[in-house]
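Following: one structure in structure tokens, then a few remarks.
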Amino acid sequence: MPLYKDINGDSGVQAYDIGEGAITVHFEKGGSYLYTNASTGADHVAEMQRLAQLGDGLNAYINKYVRKNYALKLT
């Protein structure tokens, strides 16, 4: 599981896992959430995967576009 770079040092995202048509986002506080193409939409998942690998903007994107559209809360 790659750690999130958090280039600006202002994110609550700690780490992420990218899968086929899915991303699991691990937050420092508040648990882990699985977002899938089915729950969130393929375009959103692709953008979240891109931002995760970039290490910037993922938390803001989630809050703005997909906040509660996760498939599963893991913890």
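The values are calculated or read from the model by the stated rules, or taken from the named source; none is laboratory data. Remember, it's a predicted structure, so these values are computed and weren't measured experimentally. A quick note on method: Cβ atoms are made from the backbone with ideal geometry, for glycine too, and the neighbour counts reach across all protein chains shown.
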Matching residues in segment 5-52 - criterion: being at pLDDT 95 or above and hydroxyl-bearing (Ser, Thr, Tyr):
Tyr16, Thr24, Ser32, Tyr33, Tyr35, Thr36, Ser39, Thr40
When restricted to Ala15, Ala71, the only residue within 11 Å of the chain's Cα centre (by Cα) and at negative phi is Ala15
Answer with yes or no whether Leu72 is buried (at least 18 other Cβ atoms within 10 Å of the Cβ) and in contact with a strand residue (DSSP E or B) (Cβ under 6 Å, 6 or more places away or on another chain).
no
Hey, which of the helices (runs of 4 or more DSSP H) in segment 1-68, taking only ones fully inside, have at least 1 residues that are small (Gly, Ala, Ser) and buried (at least 18 other Cβ atoms within 10 Å of the Cβ)?
42-54
Which condition number in (1) under 10 Å from the mean Cα position of the chain (by Cα); (2) at pLDDT 95 or above is the one that Gly55 fails?
(1)
Return the only residue of Lys5, Lys68, Lys29 being in contact with a Gly (Cβ under 7 Å, 6 or more places away or on another chain) and without any contact (Cβ under 8 Å) to a residue 24 or more places away in the chain.
Lys29
